[in-house]
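Worksheet: one structure, shown below.
Just so you know, all these numbers are worked out from the coordinates, no wet-lab data involved. Computed from a predicted model, the values in this text were never measured in an experiment. Glycine also receives a Cβ, built like all others from the backbone with ideal geometry; neighbour counts cover every protein chain displayed.
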Amino acid sequence: MNILSYSILLALAGTVLQAQTQPTTLPTVTVTAQAPAYKADSATTATKMDIPLKDLPASVQVVPKELLKDRGVTRTEQIVENVSGIQAESSYGGNGATFFNIRGFTTSNGLRDGFRNYGYIAFRDVQAIERIEVLKGPSGALYGGVGSLGGYINTVSKRPLSNAIGEVGITAGSFGLLRPTLDWNQPLSDSLGFRLNSAYEHNDGFRDLSGYDSFSVAPAIRWDIDKDTSLVLLTEYGRLEREAFDFGVPNLPGYTQFPRKAYYGLPSDYGSNDTYAATLLFEHKFNEDWTLRLGAHYSYASQFSNQTFPDNYLYTSGDLLPFTNYLGSDNDSHDGAVQAELVGKFNTGSIKHNALIGAEYGYFNQGSGRTKMYSFNMSLSHPGRISDYTFSGISDGGRALANTAGLYVSDLIELTPQWKLLLGGREDWFFNETQTFDGNTAEKSEETHFSPRAGLVWQPLPTTSVYFSYGKTYVPVIGHSTSNAVFDAEKGAQFEVGIKQDLIKDRLSVNLAAYDLTRTGILTSDPTDPKNQIQTGEQRSRGIELDLAGEITTGWKIIASYAYTDAEVRSDTNWPVGDALSNVPKHSGSVWSTYQFQDGPLKGFGFGAGLYYVGEREANLPNTYKLSGYWRTDATLFYERNNWRAQLNILNVFDKHYYTGGDAGVFNYTVNPSLPFSVQATITYKF
């Protein structure tokens, strides 16, 4: 209640301050505005330059905050459900640091405002996110060893604006959901701006002991030093307190028979996460063509917990499954980077160039402390019934440190108005420092890799772009094996062809892509102990993806996707060749659409619905059983008048029961039951 009061007071303070800065009598002004559509014309993630999407030889999708708002999104695993070829995977015991599977390959890394965001234990609330930019395929030519070989999810933070605006809201719903939010932007002078985003959430959860409380606050400052120079500081703090440490139900052939609501752990389990992040961005324009950008980012995340793992690899048959309980588990991660980039335009004769030259240094430190371990057996049919609870040892934990340095160049070359060529490359130096694991030490290692990138765009019509691209990435593996051997970098290479078409000029566009992506040097779970990892084999993912977004008519918005993904083992010393990768459906797709009346007696009223499909997929490697496919339907009703908006969201309208799983390289020993039918109501006021 203190946090709730704090949020309300902030909102009231913003309203009062806004009122004090305005005259008491205002002239009547008539404003004609069009609601933002779901279509984006540009994104900086693909090139680090503001280039129209139609000119890029890459598959790039943008999820704007308007879509998140219409869908009633409150959790990170929901943010890219409308993008083709991406599946949210199990988080680390419900800690909000969601893993994503992109084009068949899993990742715990992403981007936050263009910097590496290590998502293993870092919590981030959606309230501070302006939009999500998704770049498909490996792009080490820009980001080096950040993210996944399958793609990059960049969460772009809200920044100070030039005008005074604000919005306060509150959401309440099923399973004890209560969520007040604040977005307050206030210019402090002609050159200084301030923005504050904050959210608190209480949720009891639909499963036993799955409740949590979270709080986030994200102040941001912008200083326009002069007309050509600016400085932006983005900061954020998030805290998540969980009632237990919920992994879901054990990933075993009989998973559908296990009680969906039951907690497979001990009453003493809990989880607590703190995340601090700060990003400093400096920009100076030398002239209309050349700009210098300097940036720095640092984040720190910690997690304290008691947690219980199912030891599936020890299971043979029957009702009893071995578990391990870790008491006082202590994890932390430090992630930092600095960047310097020069962006410019120039001509060589009739040929136009959009060039980028950059350098980056990154630092990463992650580790865990000593933890007591206890072993026991639990009944699968009656969770909570345990036997043979015995002390099994102490894990000394460990620490991994890594440094990276990179130099990169990129150039989008306009050969003619119809032909555009993208060339780029990055040289990276990876340094794994001395590391420890359970008292053992692995020596330092160094690697140097070059990641190239090339693409060609042909635009036979102003509304049509046909493209081809090739990219390669090396992802350094931070940490070492139980035998103290340091892992080599994973490698990925991709060919992609596609077409981008405006179906309705400036309103509705579609992107169709086909790709062939190969991954080698894979870090995967040890079949004799899934908590440890080994490096082996080659995997390949081939597929077709379709993404459509925009506005059909004024007020009628739509976003839709479809993906065919064929991901399999190509060679391996542990997994059978030809086995499908786990948690990768061959067919998946979604459609979300809303309509809002623009005039007449129903003006301001709107409604919408979404349909989500995930096909049958393998539950594990080697393939022995499957997770069933499912359809899910969501719906919304909303009404806007003056500064008020009332909204009702219904999730899982038909109460479909399904399960989502993890990847064999991360947490594949559990699956998560679906959120049941639930309702949430939101009221917002703009000031």
When the Karplus curve 6.51 cos²θ - 1.76 cosθ + 1.60 is applied with θ = phi - 60°, which whole-Hz ³J(HN,Hα) does each residue of segment 286-292 get, with x for Gly and Pro?
6, 6, 5, 9, 10, 9, 9
Computed FRET efficiency, Cβ-Cβ of L421 and D289, R0 25 Å: what is it to the nearest 0.05?
0.80
Show me, for segment 232-240, the HN-Hα J-couplings you get by feeding each phi into the Karplus relation (A = 6.51, B = -1.76, C = 1.60, θ = phi - 60°), rounded to Hz, glycine and proline as x.
10, 10, 10, 10, 7, 10, x, 10, 9
In Å, descending, principal axis extents of the Cα set of segment 627-687
50, 26, 13
Add +1 for every Lys or Arg and -1 for every Asp or Glu among the other residues with Cβ under 12 Å from the Cβ of S299, and state the total.
-2
Starting from 0.36 nm per residue, how many nanometres of slack lie between T316 and S628 once their C-alpha separation is accounted for?
110.0 nm
With each pseudo-label sitting 7 Å past Cα toward Cβ, what's the W429-L280 distance in nm, one decimal?
2.4
Which value in deg cm²/dmol, rounded to the nearest 500, describes the helix-derived mean residue ellipticity at 222 nm for the chain, given -39,500 (n - 2.57) per DSSP H run of n ≥ 4 and division by the residue count?
-1500 deg cm²/dmol
Arrange the following residues from fewest to most other Cβ atoms within 10 Å of their Cβ: R112, R542, R507.
R507, R542, R112
Report, largest value first, the span of the C-alpha coordinates of segment 180-304 along each principal axis, in whole Å.
66, 30, 24
Gained length - F450 relative to F346, 0.36 nm times residue gap less alpha-carbon distance
34.8 nm
√(5λ) per eigenvalue of the Cα gyration tensor, segment 55-109, largest first, Å
20, 17, 8
Estimated distance in nm for a label pair at T536 and V679, the labels positioned 7 Å out from Cα along Cα-to-Cβ
5.3
The Cα extents of segment 287-445 along the principal axes, largest first and rounded to whole Å, are 79, 36, 26
With the cut-off at 16 Å, report for segment 361-400 the share of all Cα pairs above it, as a whole percent.
58
Quick one: P(r) of the chain from all Cα-Cα pairs, 20 Å bins, percents rounded to integers, in order of increasing distance.
17, 54, 27, 2
Using the Karplus curve 6.51 cos²θ - 1.76 cosθ + 1.60 with θ = phi - 60°, work out ³J(HN,Hα) for each residue of segment 222-229 in order, rounded to whole Hz, and write x for Gly and Pro.
10, 10, 8, 4, 8, 5, 10, 10
How big is the dipole moment of segment 2-686 about its Cα centre under a simple scheme where the beta carbon of each Lys and Arg is +1, that of each Asp and Glu is -1, and everything else is neutral? Debye, nearest 20, please.
1360
